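Following: one structure in structure tokens, then a few remarks.
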Amino acid sequence: IDESDQRLRKALQRLENAEDEVRQRNQDIDVLNIRLSVLQESYNHSMEQWEEEKSSMLVKVKALEADVEQRKSHAAATKFYGGMKLKLSNSRLAAAQQGLLQASMSKEEMQSEILR
């Protein structure tokens, strides 16, 4: 009976030790689940911030692209109208030179008339 009783006590002790180990592991699992939950929240928050920043950057990029297109259009218009002004100035200059030439010819003609 003593031997049998001793075996039962040892088995009972092993069972209690196993139960303690299971409790400890369950506590470890609970702590890990809490950590995982915190990490998931942090990850979700970071992803939300990243999405917001990405959206903000896309809006800025679109605005910059529109600004670049507007500047290109303005530059092209300025170049076109500047060229037109330059042509107009050149034609005015040519007309003025022609008028000057005619005036100088007329002066020469007048001098020849006077000399005759």
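What follows is calculated from the coordinates using simple rules that are stated; it is not laboratory data. Quantities reported herein were computed from a predicted structural model and do not represent experimental measurements. Here the Cβ is made from the backbone with ideal geometry for all residues, glycine too, and neighbour counts use every protein chain on show.
If R0 equals 30 Å, the separation of the Cβ atoms of LYS54 and LEU32 corresponds to a calculated FRET efficiency of about 0.40.
Taking a point 7 Å out from the Cα of ASP67 in the direction of its Cβ, the residues of region 18-60 whose backbone N falls within less than 20 Å of it are 53-60. Subtracting the Cα-Cα distance of SER46 and SER91 from their residue separation scaled by 0.36 nm leaves 9.6 nm.
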